[in-house]
Amino acid sequence: MARTTLLITLLLVAFTAACVPSVEAPRVEVQQLTEPVSFYPRETGARWTYVADGASLAGIRYVETIEGPSVIDGDVWIAFRLVGGGQDVTHYRQFRDDGVYLRRQVRPGAVIDFDPPIREYPAQDELRVGLTWRAETVADQRYPSAAPGLRHMRLDVEYVYTVIDFRPVTVAGESYEVYVIDRTVRQYDEDGGIQDELSRILWFAPRIGIVRHENGWFLVDTNVTAEQP
């Protein structure tokens, strides 16, 4: 059970049961960034708002915001905070010449470190249809409020990313050109057989960000545009 829960965690955040939407729910105010946005957006203040597939635009919204640099073990990482639907998850990423790396995930009652960090994206000039990258990592999990004996766990996992398509899409009235990426996380048993496996699909638009979140949410508002000055 713990292994399956972690694999879901590795695929970021789990689906959340929908609540009854408010008819008079306020609209999200979109403010465009005033600085150019990177191919893989990393600029402080960038914000994306999502709703679940098929949900009302007035329903539950999931908002991810780049909060800015933070120091972990002497290195600078960029904090991405996702809130909505009862969730509050912060991911710490680093942007290197060879890609984007995920170092830590923090959520209520849990801190999970990945050693080595998970390579979420390749170098900008490597991203193309058919590209696959994979690696192994150790997920070091700490649950300070758990019962003794369950406060610290480690799990060896493998992750595999494959770029399966590049195509135009229209979401909430906006058109994007996206890379369709499959992300699969596997755990193997002692004999080398696959013990657990989970796969999700995401859509990534260069200089925009995630258009389809791997949790099945779709972008409805953002202050990031590809036509930055």
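The values are calculated or read from the model by the stated rules, or taken from the named source; none is laboratory data. What you see is a predicted model; the values in this text were computed from it and never measured. Positions of Cβ are backbone-derived with ideal geometry, glycine not excepted, and every protein chain shown enters the neighbour counts.
A few notes on this one:
- Test: residue in the range 76-94 that is touching a residue at least 24 places away in the same chain (Cβ under 8 Å), surrounded by fewer than 14 Cβ atoms within 10 Å (Cβ to Cβ), more than 20 Å from Tyr121 (Cβ to Cβ) and over 16 Å from the mean Cα position of the chain (by Cα): yes
- Qualifying residue in the range 112-122 (condition: acidic (Asp, Glu), over 25 Å from Trp77 (Cβ atoms) and in contact with a Ser or Thr (Cβ under 7 Å, 6 or more places away or on another chain)): no
- Residue within the range 172-193 that is outside any strand (DSSP E or B), touching a strand residue (DSSP E or B) at 6+ places or on another chain (Cβ under 9 Å) and more than 20 Å from Asp53 (Cα to Cα) present: yes
- Only one of the listed residues (Ala147, Ala79) is farther than 25 Å from Ser199 by Cβ and not in a strand (DSSP E or B). That residue is Ala147.
- In a residue-by-residue description of the range 96-103, the property of being acidic (Asp, Glu), at pLDDT 95 or above and surrounded by fewer than 18 Cβ atoms within 10 Å (Cβ to Cβ) applies to at least one position.
- Checklist (1) assigned to a strand (DSSP E or B); (2) surrounded by fewer than 13 Cβ atoms within 10 Å (Cβ to Cβ); (3) without any contact (Cβ under 8 Å) to a residue 24 or more places away in the chain applied to Ser70, failing item: (2)
- Gly173 being within 30 Å of Phe39 (Cα to Cα), over 21 Å from the mean Cα position of the chain (by Cα) and either exposed (fewer than 15 other Cβ atoms within 10 Å of the Cβ) or at pLDDT below 90 (or both): yes
- Note on the range 139-170: among residues that are loosely packed, with under 13 Cβ neighbours inside 10 Å and touching a Lys or Arg at 6+ places or on another chain (Cβ under 7 Å), the one that is nearest to Ala58 (Cα to Cα) is Pro144.
- Number of positions in the range 199-217 that are crowded, with 19+ Cβ neighbours inside 10 Å, under 14 Å from Val171 (Cβ atoms) and in contact (Cβ under 8 Å) with a residue 60 or more places away in the chain: 6
- Failed condition for Asp125, given (1) modelled with pLDDT under 95; (2) exposed (fewer than 11 other Cβ atoms within 10 Å of the Cβ); (3) within 19 Å of Gln94 (Cβ to Cβ): (1)
- Residue that is of a type in the set (Val, Ile, Thr), exposed (fewer than 14 other Cβ atoms within 10 Å of the Cβ) and touching a residue at least 12 places away in the same chain (Cβ under 8 Å), where the choices are Thr44, Thr49: Thr44
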